[in-house]
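The values are calculated or read from the model by the stated rules, or taken from the named source; none is laboratory data. Being a predicted model, the structure only gives us computed values, none of them experimental. Using ideal geometry, Cβ is built from the backbone for each residue, glycine included, and neighbour counts are taken over all protein chains shown. Accessible surface is based on the protein model in full, side chains and every heavy atom, while ligands, DNA and RNA are left aside. Shrake-Rupley method; radii C 1.70, N 1.55, O 1.52, S 1.80 Å.
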Amino acid sequence: MATVRNIGVIAQLQSEASSHIIRFRNGRVRQSGRGLVFWFRPETASISEVPVDDREMTLFVRGRSRDFQTVVVQGTIGWHVVDPELLASRVDFSIDLRTGRLQGEPIERIEARLGGIAGQAVLQYLGASPIGALLDAGPEPLRAVLERVLFAAPALAEIGIAAVAVRLTNLAPTSELERALQTPTFEALQQKADEATFARRALAVEKERAIAENELATKTELARRETVLIAQEAENARDRAAGVAEARGLEAAAEAERIRLVEGARAEAEQRRAAIYRDMPPAVLLGLAARELAGKLETIEHVNVTPDLLAAVLGEFRGALPARLAPR
């Protein structure tokens, strides 16, 4: 914005390099250029300030597709002034000579023209295709169409401006339509998610089944081994019992043999002793018996000898003496 300093009947204007200043006097251009500084008389001058820097305007268009669905297009259009004097002759850029501010709203008028041209091109593009094709193509084809229309628009060239860039940030249906369009995709994704969940659960069940089968096989193998171990222990116990029984049988047989030999020897000795005693005279046997009796006298407390027993003993004794010793 230009700066105006009033000093009495004259004033000074100072402008920036991004502004093109045009001073008129009596309807004719007296000065024209960028970043001018000059003195002038306010009562006889008319000054226009045209911005020559690059500008951007917002583009927002709501249209309908060929199948009558609402579509919203958002973006920006970049433009700049190509011919400041031509633009100043077509659009009022005059400033207040006391404050330096624009008296009207020329920028809004320019952007309205740009918006009108762009909006018409957008509506024609949207109405030529169904909503599905528009969304599938995205904003890039529409951006190319807008560039082609705006860059060659006669309505812009005739006022001295030119479009320099078009950027589209969104091409989308209404929220209700967007949710409706998202439903099949969402359902398909949900179905895939459910299938993945089912597959994951099936895999988990399969793994659990494999683990259970492995555990069962392990238990079966352990039971089989335990059965074999028990059978082996039983066989070992039987072998031990048989060994013990055999050892005891051998011991019993040996003991029986020993007893048989001892008893046989004892019986044989008794037979021999009986044979000896059998051939001995009675008197000798009586003497031996007396000797045996004498050996037992320490333990015999009393003996009853009757006259008959004594007479029989003496008779036997006398009969056993030799004839030379017998009493006459």
Discussion item. What figure, in Å² to the nearest 10, do you get for the accessible area of residue 260 with a 1.4 Å probe and non-protein molecules left out?
Written reply: 130 Å²
Worksheet entry | Cβ-derived FRET efficiency at R0 51 Å, residue 179 paired with residue 92, nearest 0.05 | 0.60
Practice prompt. Starting from the Cα of residue 172, step 7 Å along the direction of its Cβ; do the same at residue 250; then give the gap between the two resulting points in nm.
Written response: 10.3 nm
Worksheet item: Label 7 Å along Cα→Cβ of residue 62; region 181-210 residues with amide nitrogen under 17 Å?
Response: none
Practice prompt. Please work out the average accessible area per residue across region 141-245, using the 1.4 Å probe convention, and give it in Å².
Written response: 72 Å²
Worksheet item: Once label points are set 7 Å from the Cα along Cα→Cβ at both residue 158 and residue 54, what is their separation, rounded to one decimal in nm?
Response: 2.8 nm
Worksheet item: Once fully extended, how much extra length lies between residue 206 and residue 218, figured as 0.36 nm per residue of separation less the alpha-carbon to alpha-carbon distance?
Response: 2.5 nm
Discussion item. Given a 1.4 angstrom probe, I'd like the percentage of the accessible area of region 1-135 that is carbon and sulfur, rounded to a whole number.
Written reply: 47 percent
Response to the item:
Shape descriptors of region 16-78 over alpha-carbon atoms, Rg and Dmax in angstrom, are 20.9, 63
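Solvent-accessible area per residue for region 35-130 at a 1.4 Å probe radius, Å²? Provide the component values of the computation, followed by the final result.
Values: 4960 Å² over 96 residues.
Each residue of region 35-130 exposes 52 Å² on average to a 1.4 Å probe.
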Fill in: Candidate residues 1, 57: accessible-area rank, largest first, probe 1.4 Å
1, 57
Response to the item:
The correct ranking of 169, 185 by accessible area at 1.4 Å, largest first, is 169, 185
Discussion item. If each residue of separation counts as 0.36 nm, what is the full-extension length gain between residue 241 and residue 82 once their alpha-carbon separation is subtracted?
Written reply: 44.9 nm
Worksheet item: What distance in nm separates the simple spin-label points at residue 99 and residue 227, each placed 7 Å from Cα in the Cβ direction?
Response: 10.9 nm
Discussion item. How much length would be gained if the chain were fully extended between residue 193 and residue 145, taking 0.36 nm per residue of separation minus their Cα-Cα distance, in nm to one decimal?
Written reply: 13.3 nm
Fill in: Listed residues 38, 151, 24, 68 arranged by accessible area, highest first, probe 1.4 Å
68, 151, 24, 38
